[in-house]
Amino acid sequence: MTVSETTFSATDLADGTYYFRVQAVDNVGNKGEWSTVSSVIVDTTAPGVAANLRATNNANVIALTWSAALDSGVGVQKYNIQYSTSRDFITISGSDTVSGTSCNIQNLSDGTYYFRVQAVDKNGNIGSWSNAASALVDGTA
């Protein structure tokens, strides 16, 4: 492809890895050296589901663990966590974001809490929510 500007936008590319290089050509057809190769990953596919979410209460600190979500494109960047006192997550009691496959939630009021996790890849594609896991917080002596 030949362009007369110093910028180029490739559009409507399917997911995959693409490599680019440029070569200058002057007004009489003399060609310069090729540039170094640059690459870009196009990834519009959401990551898979974070599976096997478990919630364990250890002295009213809820330890959450789950299996990593798979992402065949750019890779998982972070996990969104939500917790609620309603099993169907109609109201959200709190949320957090972590880069690994575990975290601790603390300082919760007494009650039963439900937790869920979703993966977000490096391009911002968001996966589906995991299974819900629950834990009882009881700080009453």
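How many residues are part of a loop (DSSP other than H, G, I, E, B), in contact (Cβ under 8 Å) with a residue 24 or more places away in the chain and open to solvent by 80 Å² or more (accessible area, probe 1.4 Å) if we restrict to the stretch 50-84?
Narrowing the stretch 50-84 to residues part of a loop (DSSP other than H, G, I, E, B): 50, 59-60, 68-75.
With the extra rule that they be in contact (Cβ under 8 Å) with a residue 24 or more places away in the chain, the set shrinks to 50, 60, 68-69, 71-75.
Next, only the ones that are open to solvent by 80 Å² or more (accessible area, probe 1.4 Å) stay: 72.
Result for the stretch 50-84: 1.
Applying the selection to the stretch 124-141, what residues are among the small types (Gly, Ala, Ser) and touching a strand residue (DSSP E or B) at 6+ places or on another chain (Cβ under 9 Å)?
Gly124, Gly127, Ser128, Ser130, Ala132, Ala133, Ser134, Ala135
Restricted to the stretch 1-45, the set of strands (runs of 3 or more DSSP E) holding at least 3 residues that are without any contact (Cβ under 8 Å) to a residue 12 or more places away in the chain comprises 31-34. Within the stretch 29-49, the set of residues being open to solvent by 60 Å² or more (accessible area, probe 1.4 Å), at pLDDT 95 or above and under 22 Å from Val117 (Cα atoms) comprises just one member, Val49.
Just so you know, in the stretch 85-100 the residues that are free of Cβ contacts under 8 Å to residues at least 24 places away in the same chain and outside any strand (DSSP E or B) include one that is least open to solvent (accessible area, probe 1.4 Å), and it is Gly100. Tell me which of these Phe89 doesn't satisfy, since it passes every other one: (1) in contact with a strand residue (DSSP E or B) (Cβ under 6 Å, 6 or more places away or on another chain); (2) under 16 Å from Ser134 (Cβ atoms). For Phe89, the exception is condition (1).
When the stretch 1-28 is limited to residues that are out of contact with any strand residue (DSSP E or B) (no Cβ under 6 Å at 6 or more places or on another chain) and of a type in the set (Asp, Glu), the one that is most open to solvent (accessible area, probe 1.4 Å) turns out to be Asp12.
The values are calculated or read from the model by the stated rules, or taken from the named source; none is laboratory data. Just so we're clear, the structure is a prediction, and the values are computed from it rather than from any experiment. A quick note on method: Cβ atoms are made from the backbone with ideal geometry, for glycine too, and the neighbour counts reach across all protein chains shown. These accessible areas exclude ligands, DNA and RNA; they are computed on the full protein's heavy atoms, side chains included. Shrake-Rupley method; radii C 1.70, N 1.55, O 1.52, S 1.80 Å.
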